[in-house]
1. Which of the residues belonging to segment B:140-169 are closer than 15 Å to A:ALA64 by Cα and within 8 Å of chain A (Cβ to nearest Cβ)?
2. Against the conditions (1) touching a Gly at 6+ places or on another chain (Cβ under 8 Å); (2) in a helix (DSSP H, G or I); (3) open to solvent by 30 Å² or more (accessible area, probe 1.4 Å), where does A:LEU13 fall short? Just the number, please.
3. Which one is nearest to A:VAL47 (Cα to Cα), of the residues in segment B:121-139 that are open to solvent by 70 Å² or more (accessible area, probe 1.4 Å) and at the interface with chain A (Cβ under 9 Å from one of its Cβ atoms)?
4. Could you check, for segment A:23-32, whether at least one of its residues is open to solvent by 10 Å² or more (accessible area, probe 1.4 Å), more than 7 Å from every other protein chain (Cβ to nearest Cβ) and closer than 19 Å to B:ILE108 by Cβ?
5. Of all helices (runs of 4 or more DSSP H) completely enclosed by segment B:1-120, which ones contain at least 1 residues that are of a type in the set (Val, Ile, Thr) and open to solvent by 70 Å² or more (accessible area, probe 1.4 Å)?
6. Has segment B:72-88 got at least one residue that is among the acidic types (Asp, Glu) and either modelled with pLDDT under 85 or in contact with a strand residue (DSSP E or B) (Cβ under 8 Å, 6 or more places away or on another chain) (or both)?
7. If you check every pair at least six apart or on different chains, which have Cβ atoms under 6 Å apart with a residue in segment B:6-19 that is aliphatic (A, V, I, L, M) first and a residue that is open to solvent by 20 Å² or more (accessible area, probe 1.4 Å) and part of a helix (DSSP H, G or I) second?
Amino acid sequence: MIGLGHFLVLGALLFCIGLYGALTKRNAVAVLMSIELMLNAVNINLVAFSRYLTPDYIAGQVFAVFTIIVAAAEVAVGLAIVIAIYRDRLSVELDDFDWLKW
Amino acid sequence: MSDAVFTVAFYVFSAVTVLAALGVVLKKNLVHSALLLILAFVGVAGIYVLLQADFIAAVQILVYAGAVAILVAFGVMLTKRGDIRESNLANRQKWPALFVVAGVFAVIYALLGQTNWGPLAAAGPEDSVGILATLMLTDFVVPFETAAILLTVAMLGAIVIAKEVKNSK
């Protein structure tokens with residue numbers, strides 16, 4: 001019998017995979033992709049909680065919609081910044097983005 | 001849906017999602033990562049269907065598997081230099097990151113095991129779209145309108161940042 005715990009473990013797994021990618025990737029676009037995976041994991045948790053704990057008042061699904069909206073805005077602005085930096089530096093390697101170091 | 005079908009569907013969608021996500025993180029070719037990302041999003045949409053969140057599943061397919069994945073593919077194509085087969089390598093923090101991630105998962109798993117969630121509902125909402133629409137235009141109307149403004153601002157901001165600035169002075 002699949003219950004709330006199964007969905008939460010799936011969310012935790014997906015979050016950890018995304019976290020690993022966000023910490024280890026050299027390419028800025030790959031880091032953005034990993035962050036999308038983490039946001040998806042959070043959405044699974046929100047929807048699972050709303051399904052199993054408050055099935056009549058599905059605020060969790062509303063939160064998930066807002067997360068998706070913010071994620072879409074984030075990826076659009078993030079890729080725009082990556083493209084702007086690429087035009088300037090001809091690189092998307094995060095190790096090259098060190099202008100603020102002295 | 002019978003229990004057996006539900007269980008099989010859950011494990012199939014979970015396996016698709018987790019394996020595709022692992023591929024996104026571990027593949028060395030950035031284009032393969034971007035395509036596997038779409039597969040992971042579709043798997044998550046299947047999970048939403050199992051959780052009786054039909055509307056979220058549809059939005060997941062439209063926004064993530066459609067828009068975000070295409071945006072990422074554009075990002076890959078507009079910024080690539082050098083050999084595409086070696087475009088998605090890991091940095092030096094591989095082992096420390098693995099250590100941190102294993103720790104995070106262990107903590108979450110341990111806390112999940114000892115948490116008492118209280119009574120769990122047997123069935124989800126019958127008509128999630130209707131409830132969702134009512135909630136969005138009553139209790140959550142301010143965040144709803146703010147989200148509309150946020151999307152407009154983010155779209156304009158993305159255009160301004162990505163557009164080449166000419167030195168016209």
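1. B:PHE140, B:PRO143, B:ALA147
2. Of (1) touching a Gly at 6+ places or on another chain (Cβ under 8 Å); (2) in a helix (DSSP H, G or I); (3) open to solvent by 30 Å² or more (accessible area, probe 1.4 Å), only one is false for A:LEU13: (1).
3. Filtering segment B:121-139 for residues that are open to solvent by 70 Å² or more (accessible area, probe 1.4 Å) and at the interface with chain A (Cβ under 9 Å from one of its Cβ atoms), the one nearest to A:VAL47 (Cα to Cα) comes out as B:ALA122.
4. No, segment A:23-32 contains no residue that is open to solvent by 10 Å² or more (accessible area, probe 1.4 Å), more than 7 Å from every other protein chain (Cβ to nearest Cβ) and closer than 19 Å to B:ILE108 by Cβ.
5. Working: elements: B:3-26, B:30-50, B:54-59, B:69-79, B:94-114.
Counting at least 1 such residues, we get B:3-26, B:30-50, B:69-79, B:94-114.
6. Yes.
7. Partner pairs satisfying both residue conditions: B:VAL18/A:LEU13.
Here's the yes/no breakdown for (1) of a type outside the set (A, V, I, L, M); (2) open to solvent by 10 Å² or more (accessible area, probe 1.4 Å); (3) assigned to a helix (DSSP H, G or I):
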site: A:GLU36; (1), (2), (3): yes, no, yes
site: A:LEU39; (1), (2), (3): no, yes, yes
site: A:ALA48; (1), (2), (3): no, no, yes
site: A:TYR57; (1), (2), (3): yes, yes, no
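The values are calculated or read from the model by the stated rules, or taken from the named source; none is laboratory data. In this text the structure is predicted, and so the values were computed from the model without any measurement. A quick note on method: Cβ atoms are made from the backbone with ideal geometry, for glycine too, and the neighbour counts reach across all protein chains shown. What goes into the accessible areas is simple: the full protein's heavy atoms, side chains included, and nothing from ligands, DNA or RNA. Shrake-Rupley method; radii C 1.70, N 1.55, O 1.52, S 1.80 Å.
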